[in-house]
Amino acid sequence: MRALCWFGKNDVRVMNVPDPKIINPRDAIIKITTTAICGSDLHLYNGYIPTMEKGDIMGHEFMGEVVEIGKEVKNLQKGDRVVVPFTIACGNCFFCKRDLWSLCDNSNPKAKIAEALYGFSPSGLFGYSHMTGGYAGGQAEYVRVPFADVGHLKIPESLSDEQTLFLSDIFPTGYMAAENCDIQPGDTIAIWGCGPVGQFAIKSAFLLGAERVIAIDQVPERLQMAQVECKAEIIDFSKVDVFEQLKEMTGGLGPDACIDAVGLEAHGTTPDALYDRAKAAMFLATDRPHALRQAIQACRKGGTVSIPGVYGGLLDKLPMGAAFNKGLTFKMGQTHVHRYLKPLLSRIEKGEIDPSFVITHRLSLNDAPDGYEVFKKKQDTCIKIVLKP
Ligand SMILES: [Zn+2]
Ligand SMILES: [Zn+2]
(Lines give C-alpha, C1' and ligand atoms only; values in the text may rest on other atoms or scores of the structure.)
(Ligands and ions follow the chains in the order given, each with its own letter.)
Protein backbone atom coordinates (compact mmCIF):
# COMPACT_ATOMS: atom_id res chain seq x y z
CA MET A 1 0.00 0.00 0.00
CA ARG A 2 0.97 3.65 -0.19
CA ALA A 3 1.69 5.53 3.05
CA LEU A 4 3.20 8.79 4.15
CA CYS A 5 6.45 8.04 5.97
CA TRP A 6 8.64 10.21 8.21
CA PHE A 7 12.33 10.41 7.36
CA GLY A 8 13.52 13.34 9.43
CA LYS A 9 13.01 17.03 9.97
CA ASN A 10 11.05 18.50 7.03
CA ASP A 11 11.29 15.16 5.22
CA VAL A 12 8.17 13.06 4.67
CA ARG A 13 7.66 10.81 1.65
CA VAL A 14 4.88 8.75 0.11
CA MET A 15 6.24 5.20 -0.07
CA ASN A 16 5.10 1.72 -0.96
CA VAL A 17 5.06 -0.30 2.26
CA PRO A 18 3.68 -3.72 3.25
CA ASP A 19 -0.09 -3.89 3.91
CA PRO A 20 -1.01 -4.07 7.61
CA LYS A 21 -2.19 -7.43 8.94
CA ILE A 22 -4.31 -8.58 11.87
CA ILE A 23 -1.86 -9.32 14.70
CA ASN A 24 -4.14 -9.60 17.73
CA PRO A 25 -7.71 -10.92 17.99
CA ARG A 26 -9.10 -7.47 18.87
CA ASP A 27 -7.55 -5.80 15.78
CA ALA A 28 -9.35 -4.55 12.71
CA ILE A 29 -7.97 -3.38 9.38
CA ILE A 30 -9.50 -0.19 8.03
CA LYS A 31 -9.36 0.94 4.42
CA ILE A 32 -8.88 4.69 4.80
CA THR A 33 -11.39 6.87 2.97
CA THR A 34 -10.37 10.24 4.44
CA THR A 35 -7.47 11.33 6.66
CA ALA A 36 -6.04 14.67 7.71
CA ILE A 37 -2.86 16.46 8.70
CA CYS A 38 -2.98 17.71 12.28
CA GLY A 39 -1.12 20.61 13.85
CA SER A 40 0.53 18.10 16.15
CA ASP A 41 1.89 16.27 13.07
CA LEU A 42 3.90 19.43 12.49
CA HIS A 43 5.72 18.85 15.80
CA LEU A 44 6.96 15.57 14.23
CA TYR A 45 7.67 17.24 10.89
CA ASN A 46 9.64 19.96 12.68
CA GLY A 47 11.64 17.36 14.60
CA TYR A 48 10.41 18.27 18.09
CA ILE A 49 9.16 14.86 19.19
CA PRO A 50 11.89 12.36 20.05
CA THR A 51 11.82 8.63 19.25
CA MET A 52 10.62 8.88 15.66
CA GLU A 53 12.33 6.39 13.34
CA LYS A 54 12.94 6.62 9.61
CA GLY A 55 10.05 5.04 7.73
CA ASP A 56 7.42 5.54 10.48
CA ILE A 57 3.95 5.98 8.99
CA MET A 58 2.33 9.23 10.13
CA GLY A 59 -1.25 10.28 10.75
CA HIS A 60 -3.71 10.00 13.61
CA GLU A 61 -6.90 11.51 12.20
CA PHE A 62 -8.56 9.01 9.90
CA MET A 63 -11.72 7.14 9.05
CA GLY A 64 -12.71 4.45 6.64
CA GLU A 65 -14.26 1.10 5.94
CA VAL A 66 -13.67 -2.05 7.97
CA VAL A 67 -12.13 -4.65 5.65
CA GLU A 68 -10.85 -7.27 8.12
CA ILE A 69 -11.62 -8.09 11.74
CA GLY A 70 -9.93 -10.17 14.42
CA LYS A 71 -11.98 -12.98 15.91
CA GLU A 72 -12.67 -11.25 19.23
CA VAL A 73 -14.16 -8.12 17.67
CA LYS A 74 -17.87 -8.85 17.93
CA ASN A 75 -19.33 -5.40 17.34
CA LEU A 76 -17.90 -4.65 13.89
CA GLN A 77 -18.57 -6.13 10.49
CA LYS A 78 -16.80 -5.88 7.17
CA GLY A 79 -18.14 -2.84 5.35
CA ASP A 80 -18.87 -0.79 8.50
CA ARG A 81 -17.91 2.84 8.14
CA VAL A 82 -16.00 4.05 11.21
CA VAL A 83 -14.07 6.94 12.70
CA VAL A 84 -11.13 5.86 14.87
CA PRO A 85 -9.95 7.84 17.94
CA PHE A 86 -6.28 8.85 17.81
CA THR A 87 -5.71 7.55 21.33
CA ILE A 88 -5.49 3.76 21.58
CA ALA A 89 -7.23 2.27 24.61
CA CYS A 90 -8.01 -1.23 25.87
CA GLY A 91 -11.33 -0.49 27.55
CA ASN A 92 -10.59 -2.72 30.55
CA CYS A 93 -7.78 -1.22 32.63
CA PHE A 94 -7.91 1.01 35.74
CA PHE A 95 -7.80 4.15 33.58
CA CYS A 96 -10.19 3.11 30.80
CA LYS A 97 -12.73 2.11 33.47
CA ARG A 98 -12.46 5.62 34.90
CA ASP A 99 -13.14 7.17 31.48
CA LEU A 100 -9.48 8.30 31.21
CA TRP A 101 -8.88 6.74 27.83
CA SER A 102 -5.72 8.60 26.83
CA LEU A 103 -4.07 7.21 29.95
CA CYS A 104 -4.77 3.56 29.12
CA ASP A 105 -2.22 1.28 30.77
CA ASN A 106 -2.35 -1.50 28.17
CA SER A 107 -1.92 0.17 24.79
CA ASN A 108 1.69 1.33 24.81
CA PRO A 109 4.03 -1.61 24.19
CA LYS A 110 7.00 0.75 24.51
CA ALA A 111 5.89 2.25 27.82
CA LYS A 112 9.47 2.05 29.19
CA ILE A 113 10.53 5.02 27.05
CA ALA A 114 7.71 7.24 28.31
CA GLU A 115 8.18 6.03 31.88
CA ALA A 116 11.78 7.19 31.85
CA LEU A 117 10.60 10.69 30.86
CA TYR A 118 7.28 11.01 32.67
CA GLY A 119 7.27 8.49 35.49
CA PHE A 120 4.31 6.68 33.96
CA SER A 121 3.30 6.14 30.36
CA PRO A 122 0.25 7.59 28.59
CA SER A 123 -1.72 5.46 26.13
CA GLY A 124 -0.47 4.44 22.72
CA LEU A 125 -1.18 6.86 19.86
CA PHE A 126 -1.39 6.28 16.13
CA GLY A 127 1.53 7.60 14.11
CA TYR A 128 3.14 9.54 16.92
CA SER A 129 6.63 8.26 17.71
CA HIS A 130 7.89 5.19 19.53
CA MET A 131 7.44 6.78 22.91
CA THR A 132 3.69 6.33 22.36
CA GLY A 133 3.90 2.83 20.95
CA GLY A 134 5.40 3.17 17.48
CA TYR A 135 2.02 2.39 15.88
CA ALA A 136 1.68 2.93 12.15
CA GLY A 137 -0.56 5.92 11.44
CA GLY A 138 -3.45 6.52 9.10
CA GLN A 139 -2.01 8.75 6.40
CA ALA A 140 -2.04 5.62 4.30
CA GLU A 141 -4.35 3.39 2.29
CA TYR A 142 -4.89 0.98 5.19
CA VAL A 143 -4.26 0.93 8.92
CA ARG A 144 -4.33 -1.68 11.68
CA VAL A 145 -6.52 -0.60 14.58
CA PRO A 146 -5.71 -2.33 17.89
CA PHE A 147 -8.58 -2.76 20.42
CA ALA A 148 -10.92 -2.00 17.53
CA ASP A 149 -13.91 -3.25 19.53
CA VAL A 150 -13.69 -0.16 21.79
CA GLY A 151 -11.74 2.14 19.47
CA HIS A 152 -14.30 2.97 16.82
CA LEU A 153 -17.44 4.98 16.17
CA LYS A 154 -19.85 3.83 13.49
CA ILE A 155 -20.95 6.65 11.22
CA PRO A 156 -24.46 6.86 9.79
CA GLU A 157 -24.80 7.04 5.99
CA SER A 158 -26.50 10.42 6.28
CA LEU A 159 -23.25 12.13 7.33
CA SER A 160 -20.24 12.69 5.07
CA ASP A 161 -16.60 11.86 5.81
CA GLU A 162 -15.78 15.56 6.09
CA GLN A 163 -18.52 16.12 8.65
CA THR A 164 -17.35 13.30 10.92
CA LEU A 165 -13.59 12.77 10.37
CA PHE A 166 -12.62 15.28 13.03
CA LEU A 167 -14.30 13.21 15.74
CA SER A 168 -10.97 11.32 15.61
CA ASP A 169 -9.15 14.20 17.30
CA ILE A 170 -9.57 17.94 16.84
CA PHE A 171 -13.29 18.27 17.60
CA PRO A 172 -13.08 16.26 20.87
CA THR A 173 -9.78 17.99 21.64
CA GLY A 174 -11.29 21.46 21.30
CA TYR A 175 -14.37 20.29 23.16
CA MET A 176 -12.46 18.79 26.10
CA ALA A 177 -10.39 21.98 26.30
CA ALA A 178 -13.62 23.97 26.70
CA GLU A 179 -15.17 21.42 29.06
CA ASN A 180 -12.03 21.66 31.23
CA CYS A 181 -12.85 25.36 31.72
CA ASP A 182 -15.93 24.42 33.78
CA ILE A 183 -17.85 27.17 31.99
CA GLN A 184 -20.51 29.00 34.00
CA PRO A 185 -23.23 31.25 32.56
CA GLY A 186 -21.78 34.66 31.71
CA ASP A 187 -18.19 33.42 31.44
CA THR A 188 -15.60 34.89 29.10
CA ILE A 189 -13.10 32.40 27.69
CA ALA A 190 -9.83 33.48 26.05
CA ILE A 191 -8.20 31.10 23.56
CA TRP A 192 -4.59 31.32 22.37
CA GLY A 193 -4.19 29.86 18.87
CA CYS A 194 -6.77 29.90 16.08
CA GLY A 195 -5.59 26.73 14.38
CA PRO A 196 -8.11 23.93 13.95
CA VAL A 197 -8.17 22.95 17.65
CA GLY A 198 -8.55 26.60 18.63
CA GLN A 199 -11.50 26.95 16.23
CA PHE A 200 -13.20 23.90 17.74
CA ALA A 201 -12.45 25.19 21.24
CA ILE A 202 -14.25 28.45 20.37
CA LYS A 203 -17.32 26.65 19.01
CA SER A 204 -17.31 24.24 21.94
CA ALA A 205 -17.04 27.04 24.51
CA PHE A 206 -20.21 28.56 23.05
CA LEU A 207 -21.92 25.14 22.92
CA LEU A 208 -21.10 24.79 26.63
CA GLY A 209 -22.61 28.15 27.51
CA ALA A 210 -19.83 30.74 27.37
CA GLU A 211 -21.13 34.26 26.91
CA ARG A 212 -18.00 35.61 25.21
CA VAL A 213 -14.96 34.01 23.58
CA ILE A 214 -11.85 36.01 22.77
CA ALA A 215 -9.46 34.40 20.28
CA ILE A 216 -5.79 35.33 19.99
CA ASP A 217 -3.57 34.77 16.94
CA GLN A 218 -1.66 36.78 14.34
CA VAL A 219 -2.59 34.98 11.12
CA PRO A 220 -5.29 37.04 9.36
CA GLU A 221 -7.31 34.17 7.86
CA ARG A 222 -7.32 32.29 11.16
CA LEU A 223 -8.51 35.34 13.05
CA GLN A 224 -11.13 35.84 10.37
CA MET A 225 -12.43 32.27 10.71
CA ALA A 226 -12.55 32.72 14.50
CA GLN A 227 -14.53 35.92 14.11
CA VAL A 228 -16.82 35.22 11.17
CA GLU A 229 -17.42 31.48 11.39
CA CYS A 230 -17.02 30.92 15.15
CA LYS A 231 -18.33 34.30 16.42
CA ALA A 232 -15.35 35.06 18.65
CA GLU A 233 -13.98 38.50 19.44
CA ILE A 234 -10.37 38.62 18.27
CA ILE A 235 -6.97 39.94 19.30
CA ASP A 236 -4.04 40.14 16.86
CA PHE A 237 -1.02 39.63 19.13
CA SER A 238 1.32 41.17 16.57
CA LYS A 239 -0.51 44.48 16.90
CA VAL A 240 -1.45 44.94 20.56
CA ASP A 241 -0.36 43.98 24.07
CA VAL A 242 -2.45 40.87 24.72
CA PHE A 243 -2.54 41.21 28.52
CA GLU A 244 -3.64 44.86 28.43
CA GLN A 245 -6.17 44.20 25.70
CA LEU A 246 -7.73 41.26 27.56
CA LYS A 247 -7.89 43.27 30.75
CA GLU A 248 -9.64 46.09 28.98
CA MET A 249 -12.10 43.76 27.24
CA THR A 250 -13.04 42.11 30.55
CA GLY A 251 -13.61 45.21 32.65
CA GLY A 252 -10.25 44.85 34.42
CA LEU A 253 -11.02 41.33 35.68
CA GLY A 254 -9.29 39.05 33.16
CA PRO A 255 -10.89 36.09 31.35
CA ASP A 256 -12.61 33.47 33.53
CA ALA A 257 -10.67 30.74 31.78
CA CYS A 258 -7.77 30.66 29.34
CA ILE A 259 -7.13 27.93 26.77
CA ASP A 260 -3.63 27.36 25.37
CA ALA A 261 -4.34 25.80 21.97
CA VAL A 262 -0.82 26.54 20.77
CA GLY A 263 1.51 24.20 22.64
CA LEU A 264 5.22 23.78 22.44
CA GLU A 265 6.04 25.77 19.33
CA ALA A 266 4.59 29.14 20.27
CA HIS A 267 5.51 32.19 18.25
CA GLY A 268 5.61 35.52 20.00
CA THR A 269 7.11 38.97 19.91
CA THR A 270 7.76 39.57 23.60
CA PRO A 271 11.21 39.08 25.20
CA ASP A 272 10.31 35.73 26.73
CA ALA A 273 9.30 34.36 23.30
CA LEU A 274 12.65 35.39 21.81
CA TYR A 275 14.40 33.83 24.79
CA ASP A 276 12.53 30.53 24.15
CA ARG A 277 13.59 30.51 20.51
CA ALA A 278 17.22 31.08 21.40
CA LYS A 279 17.20 28.41 24.09
CA ALA A 280 15.46 25.85 21.90
CA ALA A 281 17.90 26.59 19.06
CA MET A 282 20.80 25.83 21.40
CA PHE A 283 19.07 22.63 22.59
CA LEU A 284 18.87 24.04 26.11
CA ALA A 285 15.08 23.74 26.19
CA THR A 286 12.65 21.44 24.41
CA ASP A 287 9.46 23.49 24.42
CA ARG A 288 8.58 27.15 23.83
CA PRO A 289 5.79 27.90 26.26
CA HIS A 290 5.19 31.58 25.47
CA ALA A 291 1.43 31.21 24.96
CA LEU A 292 1.09 29.32 28.22
CA ARG A 293 2.96 31.99 30.18
CA GLN A 294 0.69 34.65 28.76
CA ALA A 295 -2.43 32.60 29.54
CA ILE A 296 -1.32 32.21 33.17
CA GLN A 297 -0.57 35.91 33.44
CA ALA A 298 -3.85 37.04 31.86
CA CYS A 299 -6.24 34.66 33.61
CA ARG A 300 -8.48 36.20 36.26
CA LYS A 301 -7.92 35.30 39.91
CA GLY A 302 -9.42 31.92 40.71
CA GLY A 303 -9.74 31.08 37.01
CA THR A 304 -8.80 28.01 35.01
CA VAL A 305 -6.00 27.43 32.52
CA SER A 306 -6.87 24.62 30.12
CA ILE A 307 -4.13 23.19 27.91
CA PRO A 308 -4.98 21.15 24.80
CA GLY A 309 -1.75 22.30 23.08
CA VAL A 310 0.91 19.59 23.09
CA TYR A 311 3.93 19.78 25.40
CA GLY A 312 6.65 17.17 25.38
CA GLY A 313 9.43 18.01 27.76
CA LEU A 314 10.63 20.50 30.33
CA LEU A 315 9.27 24.03 30.39
CA ASP A 316 11.36 27.02 31.31
CA LYS A 317 10.37 30.19 33.20
CA LEU A 318 6.77 29.23 33.87
CA PRO A 319 5.21 31.84 36.18
CA MET A 320 4.20 29.46 38.95
CA GLY A 321 4.17 32.40 41.35
CA ALA A 322 1.38 34.01 39.34
CA ALA A 323 -0.48 30.70 39.12
CA PHE A 324 -0.18 30.04 42.84
CA ASN A 325 -0.96 33.50 44.11
CA LYS A 326 -3.98 33.86 41.83
CA GLY A 327 -5.28 30.44 42.85
CA LEU A 328 -5.49 29.10 39.31
CA THR A 329 -6.70 25.65 38.33
CA PHE A 330 -4.78 23.79 35.62
CA LYS A 331 -6.34 21.14 33.41
CA MET A 332 -4.60 19.46 30.51
CA GLY A 333 -3.71 16.28 28.73
CA GLN A 334 -4.21 14.22 25.63
CA THR A 335 -7.90 14.01 24.80
CA HIS A 336 -9.98 11.14 26.19
CA VAL A 337 -11.43 10.82 22.69
CA HIS A 338 -13.50 7.68 23.34
CA ARG A 339 -15.52 9.61 25.96
CA TYR A 340 -16.66 12.19 23.41
CA LEU A 341 -17.39 10.08 20.31
CA LYS A 342 -21.11 9.47 20.78
CA PRO A 343 -22.07 12.77 22.46
CA LEU A 344 -20.32 14.81 19.77
CA LEU A 345 -21.67 12.68 16.91
CA SER A 346 -25.09 13.42 18.32
CA ARG A 347 -24.37 17.18 18.27
CA ILE A 348 -23.37 16.85 14.59
CA GLU A 349 -26.53 14.87 13.80
CA LYS A 350 -28.67 17.53 15.49
CA GLY A 351 -27.01 20.20 13.36
CA GLU A 352 -25.48 22.05 16.33
CA ILE A 353 -22.12 22.01 14.55
CA ASP A 354 -20.75 20.99 11.15
CA PRO A 355 -17.04 20.28 11.71
CA SER A 356 -16.22 20.54 8.00
CA PHE A 357 -16.15 24.35 8.33
CA VAL A 358 -12.47 24.19 9.22
CA ILE A 359 -11.32 22.51 5.96
CA THR A 360 -9.43 24.79 3.58
CA HIS A 361 -7.52 22.24 1.49
CA ARG A 362 -8.34 18.87 -0.07
CA LEU A 363 -5.38 16.89 -1.43
CA SER A 364 -4.61 13.35 -2.50
CA LEU A 365 -2.32 11.29 -0.27
CA ASN A 366 0.33 11.52 -3.00
CA ASP A 367 0.46 15.28 -2.50
CA ALA A 368 0.77 15.04 1.29
CA PRO A 369 4.47 16.09 1.37
CA ASP A 370 3.51 19.38 -0.33
CA GLY A 371 0.60 19.62 2.09
CA TYR A 372 2.93 19.46 5.09
CA GLU A 373 5.03 22.27 3.68
CA VAL A 374 2.03 24.50 2.91
CA PHE A 375 0.48 23.81 6.33
CA LYS A 376 3.74 24.40 8.20
CA LYS A 377 4.36 27.72 6.48
CA LYS A 378 0.67 28.71 6.71
CA GLN A 379 0.79 29.42 2.98
CA ASP A 380 -2.22 29.79 0.73
CA THR A 381 -4.45 30.63 3.76
CA CYS A 382 -4.17 27.00 4.84
CA ILE A 383 -5.94 26.04 8.08
CA LYS A 384 -6.86 22.35 7.69
CA ILE A 385 -5.89 19.79 5.05
CA VAL A 386 -7.80 16.58 4.41
CA LEU A 387 -6.23 13.84 2.33
CA LYS A 388 -7.86 11.20 0.15
CA PRO A 389 -5.86 8.01 -0.41
ZN1 LIG B 1 -4.16 15.66 16.06
ZN1 LIG C 1 -7.02 0.66 29.10
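The values are calculated or read from the model by the stated rules, or taken from the named source; none is laboratory data. Predicted model only: the values in this text are computed from it and were never measured. Positions of Cβ are backbone-derived with ideal geometry, glycine not excepted, and every protein chain shown enters the neighbour counts. Note: areas computed on protein heavy atoms with side chains; ligands, DNA, RNA excluded. Shrake-Rupley method; radii C 1.70, N 1.55, O 1.52, S 1.80 Å.
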Using helices alone, what [θ] at 222 nm do you get for the chain, with -39,500 (n - 2.57) per DSSP H run of 4 or more residues, divided over all residues and rounded to the nearest 500? -7500 deg cm²/dmol
Surface per residue (accessible, 1.4 Å probe) for the chain, Å²: 41 Å²
Can you give the relative contact order of the chain as a percent, counting alpha carbon pairs under 8 Å and 6+ residues apart? 17 percent
What distance in nm separates the simple spin-label points at residue 10 and residue 228, each placed 7 Å from Cα in the Cβ direction? 3.2 nm
First compute the accessible area of the chain with a 1.4 Å probe, then give the percent of it belonging to carbon and sulfur atoms. 54 percent
Inter-site label distance for residue 208 and residue 23 at 7 Å from Cα along Cβ, in nm: 3.5 nm
Using the charge dipole of the chain (Lys, Arg: +1 at Cβ; Asp, Glu: -1 at Cβ; taken about the Cα centre), state which of 254, 318, 125 has its Cα farthest towards the positive end. 125
Surpassing 30 Å at the alpha-carbon level, of the pairs 112/377; 31/110; 9/112; 9/74, are 112/377; 9/74
Tell me which lysines have Cα within less than 22 Å of residue 350's Cα, excluding those fewer than 8 residues away on the same chain? 154, 203, 231, 342
Amide H of residue 191 versus every other amide H placed in the peptide plane: which residues, excluding those fewer than 5 positions away on the same chain, fall under 5 Å? 214, 215, 216, 259
Whole angstrom only: what separates the Cα centroid of segment 23-64 from the Cα centroid of segment 175-208? 26 Å
To the nearest 10 degrees, the tilt of helix 337-349 (Cα long axis) against the first principal axis of the alpha carbons of the chain is 80 degrees
Arranged from highest to lowest average of other beta-carbon atoms within 10 Å per residue, in what order do the peptides 54-65, 252-263 appear? 252-263, 54-65
So how strong a dipole does the chain carry about its Cα centre when Lys and Arg Cβ are +1 and Asp and Glu Cβ are -1, to the nearest 20 debye? 600 debye
Signed unit charges on C-beta, dipole axis of the chain, positive-most listed residue 385, 223, 263: 263
Peptides 326-334, 148-156: what's the order by average Cβ count within 10 Å, highest mean first? 148-156, 326-334
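If you take the beta carbon distance between residue 115 and residue 320 as r and set R0 to 25 Å, what does 1/(1 + (r/R0)^6) give as a FRET efficiency, to the nearest 0.05?
0.50
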Compare the peptides 72-84, 299-311 by average per-residue count of other Cβ atoms within 10 angstrom and give them in order, highest first. 299-311, 72-84
Please give the helix 196-207 orientation as an angle from the longest Cα principal axis of the chain, in degrees from 0 to 90, rounded to the nearest 10. 70 degrees
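Based on alpha-carbon atoms only, what is the radius of gyration of the chain relative to the globular estimate 2.2 N^0.38 Å? Write out the running numbers ahead of the final one.
Values: Rg = 20.0 Å, N = 389, 2.2 N^0.38 = 21.2 Å.
Cα-based Rg divided by the globular estimate yields 0.94.
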Spin-label pair residue 158/residue 354, simplified geometry with 7 Å Cα→Cβ offset, distance in nm: 1.5 nm
Can you work out the PRE-style zone for residue 241? Point 7 Å along Cα to Cβ, and I want the residues of segment 290-334 with backbone N under 14 Å. 298
Long-range amide H partners of residue 124 with built H, under 5 Å: 88, 107, 108
Calculate the dipole size of segment 159-269 relative to its Cα centre from +1 charges on Lys and Arg beta carbons and -1 charges on Asp and Glu beta carbons; express the result in debye to the nearest 20. 140 debye
